[in-house]
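Engineer: Got a structure here, written out as structure tokens. Questions coming.
The values are calculated or read from the model by the stated rules, or taken from the named source; none is laboratory data. It should be emphasised that the depicted structure is a prediction, and the values quoted were computed from it without experimental measurement. Neighbour counts run over all protein chains shown; Cβ positions are idealised from the backbone, glycine included.
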Amino acid sequence: MSRITIKDVAKEANVSVGTVSRVINGEKNVSKENVQKVLKAIETLGYVPNTYARGLVSGKTNSISIVVPMIRTDFYDRLINSVDCVLIENNYESSIFPLLSEYRLKKFMEKSSILYHSDGILMSSLPVKKLFKDGIVPTEKPVVLIDMESNNYDCVYIDNNQIGRIAANILLEKTDNLYVMTFIEPDTVFTSDVFKKRFKGFEEVLIKNNISISSKRIFHSELNLHYALNEAMSILKKVQKFPVGFFATTDLFGYGLILAANNLNLEVGKDIFIVGVDGQPWTENIGLTTIKQPIEEMSQLATNILLDKINEKYSLTSRKSIKFDPLVIRRTSA
């Protein structure tokens with residue numbers, strides 16, 4: 001069966017090819033009657049516009065590229081779903097580009113990379129200063145950053161140091177017998193240092209309160225629940241004084257600590273206090289106090305900024321730097 005073309009749609013709707021083109025591209029100078037005729041013809045014929053070909057002609061693809069450091073995590077699932085909500089409303093599509101290796105980074109440094117064939121780029125949690133020469137992404141297309149600051153690009157971010165400070169103050173309401181479970185970020189150009197920043201903010205508050213935290217009270221886990229549970233079991237078996245407080249630098253570690261506490265017959269909220277980070281939806285079910293990153297709101301705002309830039313609703317040379325405040329959700333764990 002031959003491919004349905006725009007000419008077939010025009011013939012079915014009894015309108016000109018130009019009218020069909022204007023409807024597909026969302027232009028306003030088309031009568032309601034003709035819009036309905038074209039839409040009905042598209043549905044009848046099952047016509048799918050060739051976005052790439054249309055982009056060659058119009059200079060617009062009605063698509064954006066999303067660059068993330070990893071995929072299939074709760075955080076990035078929430079981010080991508082939130083971006084898609086805005087894109088659907090604006091008749092846009094997205095392609096996801098995980099920056100997982102040096103090879104991919106090398107390809108992304110080339111202006112000809114497929115990454116830059118879209119109308120604009122969203123980058124999340126990636127240190128552009130370290131990744132690209134002079135912190136400049138090699139494209140003239142609009143770029144907006146999520147969960148990262150930059151002097152060169154529009155950015156929507158949160159202060160991870162502040163997250164650590166908030167966690168420390170919450171736990172100090174309960175006990176000064178404190179521990180940390182965190183993740184060691186590899187020393188590469190891909191590392192954004194968010195876990196280091198969270199710990200630094202936590203430590204700042206302890207120092208102000210004349211509390212020292214030795215390396216023996218700082219434990220590391222992989223970003224894996226099974227690993228976090230085993231590490232938490234090992235830690236809690238060695239704790240000699242209760243109550244004890246834990247700053248879990250991600251909710252996943254908080255979950256591991258709660259499971260371990262339950263296995264050891266420790267009462268969460270009495271023997272052990274835990275504060276996590278991220279505000280994952282499932283934290284409500286396990287009673288974990290968490291410092292939420294409003295990633296849905298941040299992602300949607302960043303997407304709207306990018307679309308405004310694409311559609312030239314404000315100057316491409318202007319810069320927006322918008323900081324969100326963390327949200328504390330108190331539950332039984334602290």
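Engineer: Does Leu307 fit the bill of being modelled with pLDDT of 90 or more, over 16 Å from the mean Cα position of the chain (by Cα), under 15 Å from Gly120 (Cβ atoms) and surrounded by 14 or more Cβ atoms within 10 Å (Cβ to Cβ)?
Structural biologist: yes
Engineer: Just wondering, is there one or more residues in segment 119-137 that are at pLDDT 85 or above, within 21 Å of Thr188 (Cβ to Cβ) and of a type in the set (Asp, Glu)?
Structural biologist: yes
Engineer: Of (1) surrounded by fewer than 16 Cβ atoms within 10 Å (Cβ to Cβ); (2) aliphatic (A, V, I, L, M); (3) closer than 23 Å to Asn177 by Cα, Ile274 satisfies all except one. Which?
Structural biologist: For Ile274, the exception is condition (1).
Engineer: Please work out if Lys196 is surrounded by 15 or more Cβ atoms within 10 Å (Cβ to Cβ) and without any contact (Cβ under 8 Å) to a residue 24 or more places away in the chain.
Structural biologist: Yes: the conditions hold for Lys196.
Engineer: Considering Leu100, Leu115, Leu105, Leu122, which residue is in a loop (DSSP other than H, G, I, E, B) and of a type outside the set (Asp, Glu)?
Structural biologist: Only one candidate qualifies: Leu100.
Engineer: Going through Asn230, Asn210 one at a time, which residue ends up being without any contact (Cβ under 8 Å) to a residue 40 or more places away in the chain and either aromatic (Phe, Trp, Tyr) or exposed (fewer than 14 other Cβ atoms within 10 Å of the Cβ) (or both)?
Structural biologist: Details: Asn230 fails: either aromatic (Phe, Trp, Tyr) or exposed (fewer than 14 other Cβ atoms within 10 Å of the Cβ) (or both).
Answer to the check: Asn210.
Engineer: A further question follows. Looking at segment 115-128, I want the residues that are free of Cβ contacts under 8 Å to residues at least 40 places away in the same chain and have a partner that is in a loop (DSSP other than H, G, I, E, B) and not charged (D, E, K, R) with Cβ atoms under 8 Å, at least 6 apart or on another chain. Which pairs are those?
Structural biologist: Sorted first by the residue in segment 115-128, then by its partner, the pairs are Val128/Ile136; Val128/Val137; Val128/Met148; Val128/Ser150; Val128/Asn152; Val128/Tyr153.
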